[in-house]
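> Here you go, one structure.
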């Protein structure tokens, strides 16, 4: 089932010296229900811009976006690279904040928050302030917050980019497990090719600016993914293939 269709989306910006720069040109992409799609491409090619356009945080110049679920525009979550937690609120208070804003606090939604605390291994930190958390725990809290109101679509903009390699590996495993359990549709921006292959059902490769879709690669790997998978020939071949595509853009 198709959830979203982006048709010939283009976006330009005006630089500080007044020059008009085209960031995205004629990007078309269909997103199916329950997919995990990663978006990779050269630095500055517009990966994050695409997510902001989908979430209506940014306008686009031309093209069309079709939401085949009429409630989808009001039912998406966004996870940024920075966890953006309120420093004076506890883990639990940060997670339930969207429910308060949306006036959605009910016994059912609060029970869902308890499930998220358990799912994201945050129960023992529910009363901790952000300053007491590691970078990985902050991002787990941010992910739980974005899921508190049970969105159908989750947009993630390099959420693990600032974390060390071991923490990143651990969160990749947790995110993959979360996706399998919740079956959310996820669009995930990353600059890490191995991360994209490990997490995804498809990987979208963007070109240099003005960015177009260079290719879309279906990742046919086992449903159960462990870190050991990264040493297998199939995984290495996908990484090599995608790296070659990115090198073509440099």
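> Could you give the length gained by full extension between residue 34 and residue 16, i.e. 0.36 nm per residue of separation minus their alpha carbon distance, to one decimal place?
This chain segment gains 2.5 nm when fully extended.
> Arrange the following residues from fewest to most other Cβ atoms within 10 Å of their Cβ: 55, 142.
Ascending number of Cβ neighbours within 10 Å: 55, 142.
> Moving on. Can you tell me what share of the DSSP beta bridges in the chain is antiparallel? A percent to the nearest 5 is fine.
50
> A further question on this structure: Based on the Cβ-Cβ distance of residue 56 and residue 220, what FRET efficiency does E = 1/(1 + (r/R0)^6) give at R0 = 41 Å, to the nearest 0.05?
According to the calculation, E is roughly 0.80.
> Here's a follow-up. In µm²/s, what is D for the stretch 101-156 at 37 °C and 0.692 mPa s, where D = kT/(6 pi eta Rh) by Stokes-Einstein and Rh is the Kirkwood radius from Cα pairs?
274
> To continue, here is another question. Measure nothing but the geometry: give the 0 to 90° angle between the long axis through the Cα atoms of 233-249 and the longest principal axis through the Cα atoms of the chain, rounded to 10°.
60
> So, R0 is 30 Å and r is the distance between the beta-carbons of residue 26 and residue 74; what FRET efficiency does that work out to, to 0.05?
Rounded to the nearest 0.05, the efficiency is 0.65.
> Over the stretch 1-73, what is the mean sequence separation of C-alpha contacts under 8 Å (at least six apart), divided by residue count, expressed as relative contact order in percent?
Relative contact order here is 43 percent.
> Shifting gears a bit: Angle between the Cα long axis of helix 135-147 and the longest principal axis of the chain, 0 to 90 degrees, nearest 10?
Its long axis makes an angle of about 90 degrees.
> Then there is this: Stretched out fully, how many nm does the piece from residue 131 to residue 82 gain, at 0.36 nm a residue minus the Cα gap?
16.3 nm
> Could you work out the relative contact order of the chain? I mean the mean sequence separation of Cα pairs under 8 Å and 6+ apart, divided by the number of residues, in percent.
The normalised contact order for the chain reaches 27 percent.
> Also, quick follow-up: With axes computed from alpha carbons, what is the tilt in degrees of helix 91-101 against the longest principal axis of the chain, rounded to the nearest 10 within 0 to 90?
The answer is roughly 70 degrees.
> What fraction of the Cα pairs in the stretch 131-174, stated in percent, has a spacing above 15 angstrom?
Pairs farther apart than 15 Å: 44 percent.
> For the chain, with equal point scatterers placed on the C-alpha atoms only and solvent neglected, what are the log10 I(q)/I(0) values from the Debye formula at q = 0.07, 0.10 1/Å, to two decimals?
With one equal scatterer per Cα and no solvent, log10 I(q)/I(0) is -0.24, -0.50.
> Any idea how far the Cα center of the stretch 3-42 sits from the one of the stretch 84-125, in Å?
That distance is 32 Å.
> Most fluctuating residue of 46, 63, 18 in a GNM of the chain with Cα springs under 10 Å: which is it?
Largest GNM mean-square fluctuation: 18.
> Under a GNM of the chain (C-alpha, springs under 10 Å), which listed residue has the highest mean-square fluctuation: 219, 193, 101?
101
> Something else: Given R₀ = 35 Å, what would the calculated FRET efficiency be for residue 100 paired with residue 164, taking r from the Cβ atoms and rounding to 0.05?
The pair residue 100/residue 164 has a calculated efficiency of 0.60.
> How high is the relative contact order of the stretch 81-151? Use alpha-carbon pairs under 8 Å, at least six apart in sequence, and give a whole percent.
It rounds to 52 percent for the stretch 81-151.
> For the stretch 1-130, take N as its residue count and report Rg(C-alpha) divided by 2.2 N^0.38 Å.
1.32
> With a 10 Å cut-off between alpha carbons and a GNM built on the chain, which of 200, 90, 146 moves the most?
For the chain, modelled as a Gaussian network with Cα springs under 10 Å, the answer is 90.
Values in this text are rule-based calculations from the coordinates and carry no lab data. Predicted, not measured: the structure shown is a model, and the values here were computed from it. Don't worry about glycine lacking a Cβ; one is built from the backbone with ideal geometry, like all the others, and counts go over all protein chains shown.
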